[in-house]
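Asker: First the structure, then my questions, so here it is.
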Amino acid sequence: MKLAFPNRTALFGIILTASAPVVLAAQAPVIDVSSSNQTSQVTGSLAEQLASVERKLDSRNRAQVNIQRQLDDMQTQVNELRGVTELHTHQLSQVLERQRELYQELDRRVSEALRPAQVPAAIAVNTTTAPQNYSNDLTENEAYDKALNLVLKDKRYEEAIPAFRHFNQTYPQSSYAPNAHYWLGQLLFNKGEIAAAEQEFSIVVDKFKETSKRPDALLKLAMVAQQQNNTVKAVNLYRQLLSEYPDSTSAQLAKPRLESLTQ
């Protein structure tokens, strides 16, 4: 059965009206919501990673600063310990030197006290055969003992300096002269008067070649040269000491000093 023309026209209008929203909807812009969310997530992830890297770098920088501070503190402590060690070594060297000199002086005195009882009386009173290292002049003995006791017994080092100077001026030919000049040089050296100490040690080395104090004076002259930063002179004096007195205590003290200068 065929529809009438008016009915066909009405049906076509209904179909056209129904399809219009579909066409209009197809022409509207399309937005990919899932793609936008992914971009936002990636951006957020990068920001978090960047923040994490910055935190790690900051933490590493703080750790490096702390380590450097600790290293600086340790270096300071090492320097302080080194200074204390050098001071103690110097003080110990001085103590050993004083003890050695004291033992030598005591040994000399004991020997002098025992010697008259071991020889005939006629020889003991004979001035030509009297001990060469002990004076028969009571005043001279008293003057030397007084100066020496200021050092060994009373520890009055400042007063001992003029006492030894007075003795050397009053008794220049005394058998105690080498010891007196050496003691005076040692006192001046400890006081820091290096040039004056050098003069006294030189007197012992140059004028009293047979004295037992000569190797000690050579050692001190070399130490004076070191204090004056005269390395060449110090090396020559140490070598002279080792050559002339190889078995002396002073030579044993000179060896490490010489090695430190020639390395």
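Asker: Just need the relative contact order of region 213-263 here, percent rounded to a whole number, with Cα pairs under 8 Å and 6+ apart.
Answerer: 36
Asker: Between residue 240 and residue 72, what FRET efficiency comes out of the Förster formula 1/(1 + (r/R0)^6) with R0 = 30 Å and r the beta carbon distance, rounded to 0.05?
Answerer: 0.10
Asker: Would you please give the FRET efficiency between residue 191 and residue 145, computed as 1/(1 + (r/R0)^6) with r the Cβ-Cβ distance and R0 = 25 Å, to the nearest 0.05?
Answerer: About 0.65, to the nearest 0.05.
Asker: Pull up the cross-link candidates among the lysines for residue 209, meaning alpha carbon to alpha carbon under 27 Å and not fewer than 8 places away within one chain.
Answerer: Here the lysines satisfying the reach criterion relative to residue 209 are 146, 191, 220, 233, 255.
Asker: Something else now. Sorting check: for 188-194, 140-146, which peptide has the highest mean count of neighbouring beta carbons within 10 Å, and how do the rest follow?
Answerer: 140-146, 188-194
No lab work stands behind these numbers, since they all come straight from the coordinates. Values in this document were obtained by computation on a predicted structure and should not be read as measured data. Quick reminder, even Gly has a Cβ in these numbers, built from the backbone with ideal geometry, and neighbours come from all protein chains shown.
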